[in-house]
Each structure stands twice: as structure tokens, then as C-alpha cells.
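All remarks here apply to the structure that follows.
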Amino acid sequence: MSDMFNKKDLKYYVCPICKSDLHLGKNKLICRKCKNNFRIIEGVPIFLTNKISPENYEKQTSYFDKEFSDLKYDIEPWQITYNKRMSDVFPKNKKANYLDLGCGSGYAVLHFSKKYGIVFGCDLSINSILRLKNICDANKIRNIKLCVASAEYLPYKKDIFDMISSNAVIEHVPNEKEYVNELLRISKRESVFFITGPLKFRYVNPLFWILNIINDRMVGHLRRYDEKRFKKIFKNKAKIHRIFYTGHFMKSIITLINLFLRNKYLSKKAEVYDDKLINKKYGANNISIVLKRKL
Ligand SMILES: C[S@@+](CC[C@H](N)C(=O)[O-])C[C@H]1O[C@@H](n2cnc3c(N)ncnc32)[C@H](O)[C@@H]1O
Ligand SMILES: [Zn+2]
């Protein structure tokens with residue numbers, strides 16, 4: 001078994017509601033200030049609060065709990081590409097603290113656990129986090145610290161992360177402003193953010209509009225992004241360092257074909273095609289933005 005939550009871990013966490021220090025009880029974390037308790041299940045703290053919108057929680061977890069119920073772990077070519085892009089822009093210092101916010105299947109935390117001392121993963125879906133905990137246990141990975149929490153009410157202390165990734169999460173979060181405030185609160189000065197969201201329709205190939213509209217509704221995308229919107233929400237607090245545009249024509253076609261074929265060779269080819277177009281905004285479907293925190 002990998003490490004259970006222990007007293008030493010308290011130095012990273014605060015109450016997600018009032019941001020006070022927590023105390024360790026029997027299978028729970030206790031906030032003496034706002035009198036909230038948070039369960040610890042299978043060694044993983046569950047920081048769900050009644051402030052989280054119940055409709056959004058229901059929608060997100062009913063979709064993603066199903067997606068993350070399979071215990072088999074197999075990294076996909078697109079996940080390898082994301083890991084490579086993040087590696088290229090993240091600090092090389094082995095002692096750096098890394099968080100993947102909305103970590104889902106955990107491909108990023110599993111990858112970066114080999115490069116950094118401690119890595120953190122958090123997600124709203126209990127299934128995704130407990131599945132990931134089982135994978136860590138089975139593979140004796142002891143440096144990944146997991147918790148269940150909402151991006152709007154994070155349970156981390158301020159100024160602790162050197163880099164944060166959050167891929168395909170921001171568009172699911174009801175309160176975008178709180179998401180940004182929380183990222184800025186928990187990150188150190190000059191830390192690096194790698195954030196991905198769906199690209200605004202005006203840049204997407206019209207051939208894919210209908211499919212994207214259906215998909216957006218199905219998975220609960222609340223909005224789409226472009227460089228201007230990222231600039232607006234981070235104001236003068238973070239500076240854009242790099243932008244990648246992904247999900248171009250060939251990648252989209254192969255992704256559709258692969259819903260039926262599930263052919264890894266084709267998926268790898270799709271990544272090669274897509275990588276050549278990362279600077280091309282028109283015709284893409286996703287925007288990944290690398291930001292450096294300023295203040
Ligand atoms: C499309 S998946 C992306 C997962 C992973 N980041 C990736 O790149 O594959 C969206 C993830 O965001 C999580 N999520 C949705 N709303 C969230 C919220 N408010 N706070 C934290 N995670 C959230 C979902 O549970 C799901 O795991
Ligand atoms: Zn509290």
C-alpha cells in the first residue's frame with residue numbers, strides 16, 4: 001500500500017472553505033474554525049463542500065465517474081504529447097512542487113512523479129481519484145498526493161506550487177473567477193501554468209461545429225476560449241509565455257474514426273500531423289496556454 005494521509009501531509013493543506021489549518025482525526029480532517037469535517041477514504045481526503053453547485057457536481061461526476069471506472073491503465077498517444085509539451089515548459093528543478101488540477105485518469109501526475117519529488121493531483125470525481133490511488137498502490141508509487149476537491153474551493157496552502165497544469169477542466173468550472181483566484185493563491189511567484197480549453201467556435205472548422213456543440217452539451221462545457229479571454233481572466237497577474245493550437249482537421253477525423261477502430265498506430269499518426277500545426281489557430285479545436293505568474 002502507498003502512504004496513507006498522515007500528519008506530515010497537513011503542511012500542504014488547508015480547509016477549502018475558510019483556508020484555516022486542518023487537524024487530523026480518525027479517518028477525517030477537521031477544521032476547528034468553520035467546524036467542517038472532511039472524510040478520508042482509502043487514504044484520500046475528500047474536500048467536497050456544500051458550496052459546490054449540486055447540479056454541476058451531478059452533471060460532472062455522472063459523466064466522468066463512468067469514464068474513470070476502468071482500472072486498466074494504458075497511456076494514449078495524445079497523453080504522451082501533452083506530457084512532452086508540459087515537460088518542455090516546466091521548471092527542471094527536481095524539488096519543484098507540481099499540481100495537476102482536474103487530473104482525471106492521471107496520465108500527467110503518473111508521468112511527472114518520475115521527474116519531481118512530490119506531485120499532487122486533484123479532481124472533483126471520487127472515482128477518478130480512487131482509481132488513480134489504486135494504480136499508485138499497485139505500482140508502489142509513493143510520491144503522488146491525491147485528493148478530491150473542486151477547483152473553486154481548493155484545499156492547498158498559499159504559495160506552494162511551482163507549476164500547475166489543468167487540461168480540459170476550466171470549461172467545466174461554473175465560477176471561472178474563483179478558479180483563477182485559487183490558481184493564483186496556491187502558486188508561487190513566477191510559477192508556470194499549462195491550461196487547455198476548447199477553442200472558440202469562430203476558429204473551429206465549420207464542418208465540426210455540430211459535433212462540437214453536441215459534445216459540449218454532453219460533457220458539460222460551459223464556455224470556449226481564445227487568447228483574448230485568457231488575457232482577460234488573468235489580467236495583469238500572469239503573462240502569456242506560449243500558445244499551442246491542437247485538434248486540427250486530420251486529428252479530428254482520426255479521433256472520430258478511432259471511436260470505432262481504436263487503432264494506436266492511427267492515433268500516433270494523428271499526433272504527428274497535429275504537432276506540425278500547433279501554431280495555426282484557424283481550424284484547431286483546442287487552445288493550450290502557458291502562463292507565467294507575475295505578482
Ligand atoms: C475532460 S476531463 C480532463 C481530465 C484530464 N485533465 C485530462 O487532460 O485528460 C475533465 C476533468 O475535470 C474534472 N472536473 C470537472 N469539474 C471540476 C471542478 N469543478 N473541479 C475539479 N475538477 C473538475 C472532471 O472530473 C474530469 O476529470
Ligand atoms: Zn474551515
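Between their Cα atoms, which of LYS95/LYS251; LYS11/LYS145; LYS95/LYS188; LYS94/LYS157; LYS94/LYS269; LYS51/LYS158 are more than 24 Å away from each other?
Over 24 Å Cα-Cα: LYS95/LYS251; LYS94/LYS269.
Find the cysteines in the chain that fail to meet the 4.7 Å Cβ criterion with every other cysteine, and list them.
CYS103, CYS122, CYS136, CYS147
Give me the compactness ratio for region 222-295, meaning the Cα radius of gyration over 2.2 N^0.38 Å.
In units of the 2.2 N^0.38 Å rule of thumb, it is 1.34.
Relative contact order (percent) for region 183-295, with alpha-carbon contacts under 8 angstrom and 6 or more residues of separation? Working shown, then result.
Details: 152 pairs, mean separation 57.0, N = 113.
Worked out over region 183-295, it gives 50 percent.
Once you sort the root eigenvalues of the Cα gyration tensor of region 1-124 as a ≥ b ≥ c, which label holds: rounded (a/c under 1.5), prolate (a/b larger than b/c) or oblate (the other case)?
Oblate, since a/c reaches 1.5 and b/c is not below a/b.
Summing -39500 (n - 2.57) over the DSSP H runs of n ≥ 4 in the chain and dividing by its residue number, what mean residue ellipticity at 222 nm do you reach, to the nearest 500 deg cm²/dmol? If you can, show how the numbers build up before the last one.
Working: 9 runs with 101 residues, N = 295.
After summing the helix terms and dividing by residue count, I get -10500 deg cm²/dmol.
Cα centroid distance between region 140-197 and region 87-121, in Å?
If you average the Cα positions of each part, the centres end up 12 Å apart.
Would you work out the relative contact order for region 7-293, in percent, from Cα pairs under 8 angstrom that are 6 or more residues apart? Intermediate results must be reported in sequence, preceding the final value.
Values: 509 pairs, mean separation 50.1, N = 287.
Reported as a whole number, the value is 17 percent.
Search the structure for amide H atoms under 5 Å from the amide H of HIS241, placed 1.01 Å from N in the peptide plane, and list their residues when 5 or more places away or on another chain.
Placed amide hydrogens put VAL290, LEU291, LYS292 under 5 Å from HIS241.
With +1 on each Lys and Arg Cβ and -1 on each Asp and Glu Cβ, and nothing else charged, work out how big the dipole of the chain is about its Cα centre, in Debye to the nearest 20. If you can, show how the numbers build up before the last one.
Working: 56 positive and 29 negative charges, 241 e Å.
For this selection, approximately 1160 debye.
Considering the Cα positions of region 7-293, please state its Rg to one decimal place and its Dmax as a whole number of Å.
Considering region 7-293 through its Cα atoms, Rg and Dmax are 18.6, 55 Å.
Of the DSSP beta bridges with both residues in the chain, give the percent that are antiparallel, rounding to the nearest 5.
On the way: 25 of 45 bridges.
Percent antiparallel among DSSP bridges in the chain is about 55.
Please give me, ordered by residue number, the trypsin sites (Lys or Arg not before Pro) of region 1-107 that lie in loop per DSSP and have at most 10 other Cβ atoms within 10 Å.
Within region 1-107, the qualifying trypsin sites (Lys or Arg not before Pro) (loop, at most 10 other Cβ atoms within 10 Å) are LYS26, LYS35, LYS72, LYS92, LYS94, LYS95.
FYI, it's all coordinate maths here, none of it is from the lab. Since this is a predicted model, take the numbers as computed values, not measurements. Backbone-built Cβ (ideal geometry, glycine too); neighbour counts: all protein chains shown.
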